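Colleague: Supplied in structure tokens, the structure appears directly below.
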Amino acid sequence: MNLNRNTIILFITAFSLMGLVFLTEIRKDGFNISPVGKQEDNIPSIFPFKTEEIQALEIQIDDQFIAFEKTGNEPLSWMMKQPENTKASDAAIAFLLNLFPSANKKIELLATDEQRKEYGINNNSPTITITLKNSDRYQMILGKSNFDDTQIYAEVIFPEKEKIKPQIYLVSKSFQYALERNFDEWLEKGN
């Protein structure tokens, strides 16, 4: 293939200009090679507590009510208190509890009746109530999925002393998966 001398010069000039523009843009904007996920570290968490501070957990799904209580100082020492009084599955409890610290305030909406209806939050919605060691109670009411079915809307009701009005957040769909389990999966194997 025989290229004209002018064509070669134009290619070299074009690539040189592209490199020059690229280098100037990097210097101007700064060069950040950190992973995209790391940027979420700056987003505050919805829940201002650590999983170790949780003392009790109540789950209401349709007509089923399940209550758990931490029984010791070990991280995974949970008992089911209702509807049966038996040892709870460490894996099921740990999966649910580990979701709370990672729930970030990406999208925050004031919880009005109109918003609740729009996002599928009602009296029949799955509800998680958390009681901390200091007796603070947080409640999370799950709604419907977002438009691309990657997250769900959830209303969070904070303790009265925090003086924060109920808010609706987009949270991980894992909250829904954590609750959508057979009753037997909440029990320790062998019970």
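Colleague: From (1) touching a residue at least 24 places away in the same chain (Cβ under 8 Å); (2) surrounded by fewer than 17 Cβ atoms within 10 Å (Cβ to Cβ), pick out the condition that doesn't hold for Q176.
Modeller: Condition not satisfied by Q176: (2).
Colleague: Between a first residue in segment 114-131 that is on the phi < 0 side of the Ramachandran plot and a second residue that is aromatic (F, W, Y), which pairs have beta carbons less than 6 Å apart while being 6 or more apart in sequence or on different chains?
Modeller: Y119/Y153; I130/Y138
Each reported figure results from applying straightforward, stated rules to the coordinates on display, with no laboratory input. Remember, predicted model here, so these are calculated numbers, not experimental data. Cβ: placed from backbone, ideal geometry, glycine included. Neighbour counts: every protein chain shown.
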